[in-house]
Amino acid sequence: MSQPKQTGRDGITRRGFLTGSGLAAATVGTLSSTAPAALDPSSAATPIAFGPAPVRLAFTVNGRPVQVQVEPRVTLLDALRNYLDVTGCKRVCDRGTCGACTVQVDGRAVYACTLLAIEARGKDIRTAENLAQGDTLDAVPAAFVRCDAQQCGFCTPGFVMALRAALDKNPRATVAELEQAVAGNICRCGTYEQMRQAIAQLVRKEG
Amino acid sequence: MNNFTYYQPQSVAQALPLLENRWGRVELLAGGTDLLDRLKEYVSTPERIVSLTAIEGPFREISAIPQAGQPPKVTIGAGVRLVDIAESKLLAPYPALTTAAAQIAGPQIRNMGTLGGSLCQRNRCWYFRDTHIQCLLKGGRKCYAHEGENQFHAIFTQGHPCVIVHPSTLAPPLIALGATAQIVSPRGNRELPLEKMFQAPSKPDQREHTLAPDEILLSVTVAPNLPPGTRLANASYEVKQKVTSDWPLVQAAVAFAIEPGSQRARNVRIVLGHVAPTPLLSPEAAQELEGKVVTEATAATAAAAAIQGARPLSQNGYKVPMLKAAVKRAILLAAGFKPDWE
């Protein structure tokens, strides 16, 4: 990915954007009375335009505040893997289909490949690395280990994050609900049967 | 993907001046599940992306107002996520909508995707999505699906130079329920019946919806107006190749009022999804059911009427009987029949 020439600006202010972009002031002026109120002067300090030069972003990864400077086009997945060395989330299809990049953003399971890093500003990001404290595994990967629910293991971080998010949302989730929770993940090795055994153990444990 | 300037307005009023009066240089971003794919494939190469994710308030909320003797009037902000539609207690009277939302793609997509994105996404034709193919919608001279690989394309093809299927699974139930769309632009607010928000595109300056490039979909409102004393019946039924994480091959959404006593169906609306370039109201099917008691036989007659106009392409004739079954099953589900087909 080529880096454009640095402008030395991480983000420009709304005022700077309105002056610099050549936007016709008349557009704002033609807002009719039925439209929402025109631009709120009190929000003038809030920057709303970022890039195209790299932008400094701050969010939390597995409880640790981090900063990263990336172009607006960089996905959360690439920011985590390539800029922050958080490689638990895997880049497989990069098209929001396979689930290997699944992370939790403010508790919800999402595809990190389909979210711009800039959209994650200020958010709480959890990756598969968060499912171990030293040698102690979280219940979800522990069940995967017991049931041998992986072969090559490349899809595993996505599966365990999707299951963790479902159990965080509803600790009493049923087998059917947990199977639905991993419906957006694909295992090319086909270890689904072992995963079903792991899910059965998780339901008994947490239910 | 190409790089761009990213804008994150805090309100709809702040977002409007960022749009242009032509398509191409600006794209709106909500859940991103459609847009990021298009950016990565260079199908869309905007210079600016206007994110709607920081806009709070009604744009991101579901609100309900009770109506005397009627189901509630529910307004769903365009920024509401699919998972929150599927799980909304306020939308419980509208299972056609909640079950359709619950079946879209997989959980991650439902956690990201929004109502507005479902209604305004671009089509999924593989010729359109292929960077290297100049189809009609990208300024080329022909629609490659007519003579090419068209097993997932439209079966209602008459008069359509481009034979995409409309990709929204929420549009058919919303249209069946008589929903209206609230739209804002620099020229003010406007409201229109949701079925009028869609069109069959055939050139680059047309999208699958009728919003102008400088307009933003604010919300969609469901407010049934049933004959006095009747109760609302509604359902959506879809057939997919895979159980989950797949696009429907066909979808039928139905809504009607049931008279007390006689049990006759009134104000029938039947909408077909994923079979035409737009969500397709079927007045022919509705007419067959209007004033009748829902039985296996009357549902089958309505379903037969729904497929009368179908003109499938070389590879998708299989969709016709599939659609017939979907319409029949949606009617039976709406009327409270227990499904005996699964």
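The values are calculated or read from the model by the stated rules, or taken from the named source; none is laboratory data. Small disclaimer: the values here were computed from a predicted structure and weren't measured. A quick note on method: Cβ atoms are made from the backbone with ideal geometry, for glycine too, and the neighbour counts reach across all protein chains shown.
When the residues of region B:5-16 are narrowed to those that are surrounded by 22 or more Cβ atoms within 10 Å (Cβ to Cβ) and not hydroxyl-bearing (Ser, Thr, Tyr), which ends up farthest from the other protein chains (Cβ to nearest Cβ)? Top of the filtered list is B:15.
A residue that is part of a helix (DSSP H, G or I), in contact with a Ser or Thr (Cβ under 9 Å, 6 or more places away or on another chain) and over 23 Å from residue B:249 (Cβ atoms) occurs somewhere in region B:181-196. Among the residues of region B:111-139, those that are crowded, with 23+ Cβ neighbours inside 10 Å, away from chain A (no Cβ under 14 Å) and among the small types (Gly, Ala, Ser) comprise B:116, B:118.
On the basis of being in contact (Cβ under 8 Å) with a residue 40 or more places away in the chain, assigned to a loop (DSSP other than H, G, I, E, B), among the β-branched types (Val, Ile, Thr) and surrounded by fewer than 24 Cβ atoms within 10 Å (Cβ to Cβ), does residue B:278 make the cut? First the steps, then the outcome.
Numbers: in contact (Cβ under 8 Å) with a residue 40 or more places away in the chain: yes; assigned to a loop (DSSP other than H, G, I, E, B): yes; among the β-branched types (Val, Ile, Thr): yes; surrounded by fewer than 24 Cβ atoms within 10 Å (Cβ to Cβ): no.
So residue B:278 does not fit the description; no.
None of A:85, A:124 is of a type outside the set (A, V, I, L, M) and on the phi > 0 side of the Ramachandran plot except A:85. Selection of region B:184-211 for residues being buried (at least 18 other Cβ atoms within 10 Å of the Cβ) and within 14 Å of chain A (Cβ to nearest Cβ) yields B:184, B:185, B:186.
Kindly indicate whether residue A:174 is exposed (fewer than 14 other Cβ atoms within 10 Å of the Cβ), without any contact (Cβ under 8 Å) to a residue 12 or more places away in the chain and not small (Gly, Ala, Ser). Break it down stepwise before answering.
Values: exposed (fewer than 14 other Cβ atoms within 10 Å of the Cβ): yes; without any contact (Cβ under 8 Å) to a residue 12 or more places away in the chain: no; not small (Gly, Ala, Ser): yes.
It is false that residue A:174 is exposed (fewer than 14 other Cβ atoms within 10 Å of the Cβ), without any contact (Cβ under 8 Å) to a residue 12 or more places away in the chain and not small (Gly, Ala, Ser).
Across region A:45-70, what is the number of residues that are part of a loop (DSSP other than H, G, I, E, B) and surrounded by 22 or more Cβ atoms within 10 Å (Cβ to Cβ)? The qualifying residues number 2. Among the residues making up region B:220-245, a single one is within 14 Å of chain A (Cβ to nearest Cβ) and surrounded by 17 or more Cβ atoms within 10 Å (Cβ to Cβ): B:245. Within region B:246-268, the set of residues being surrounded by fewer than 24 Cβ atoms within 10 Å (Cβ to Cβ) and either farther than 19 Å from residue B:165 by Cα or touching a helix residue (DSSP H, G or I) at 6+ places or on another chain (Cβ under 8 Å) (or both) comprises B:249, B:257, B:258, B:259, B:260, B:261, B:262, B:263, B:264, B:266, B:267.
Taken together, B:273, B:291 contain a single residue that is at positive phi and modelled with pLDDT of 95 or more, which is B:291.
Taking the stated definitions as given, is residue B:108 over 27 Å from residue B:161 (Cβ atoms), within 14 Å of chain A (Cβ to nearest Cβ) and modelled with pLDDT of 95 or more?
Working: over 27 Å from residue B:161 (Cβ atoms): yes; within 14 Å of chain A (Cβ to nearest Cβ): yes; modelled with pLDDT of 95 or more: yes.
Yes; evaluated as a whole, the condition is true for this residue.
Within region A:96-153, count every residue that is assigned to a strand (DSSP E or B) and within 13 Å of chain B (Cβ to nearest Cβ).
The initial filter retains those residues of region A:96-153 that are assigned to a strand (DSSP E or B), namely A:102-105, A:108-111, A:116, A:124-126, A:132-133, A:136-137.
Cutting the leftovers down to within 13 Å of chain B (Cβ to nearest Cβ) gives us A:102-105, A:108-111, A:116.
The qualifying residues number 9.
For region B:199-223, which positions are more than 26 Å from residue B:14 (Cα to Cα) and not aliphatic (A, V, I, L, M)?
Within region B:199-223, the subset more than 26 Å from residue B:14 (Cα to Cα) is B:199-204, B:222-223.
Matches in region B:199-223: B:199, B:201, B:202, B:203, B:204.
Residues checked against (1) more than 30 Å from residue B:186 (Cβ to Cβ); (2) more than 15 Å from the chain's Cα centre (by Cα); (3) modelled with pLDDT of 95 or more; (4) facing another protein chain (nearest Cβ under 8 Å):
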residue	(1), (2), (3), (4)
A:53	no, yes, yes, no
A:58	yes, no, yes, no
A:80	yes, no, yes, no
A:90	yes, no, yes, no
A:94	yes, no, yes, yes
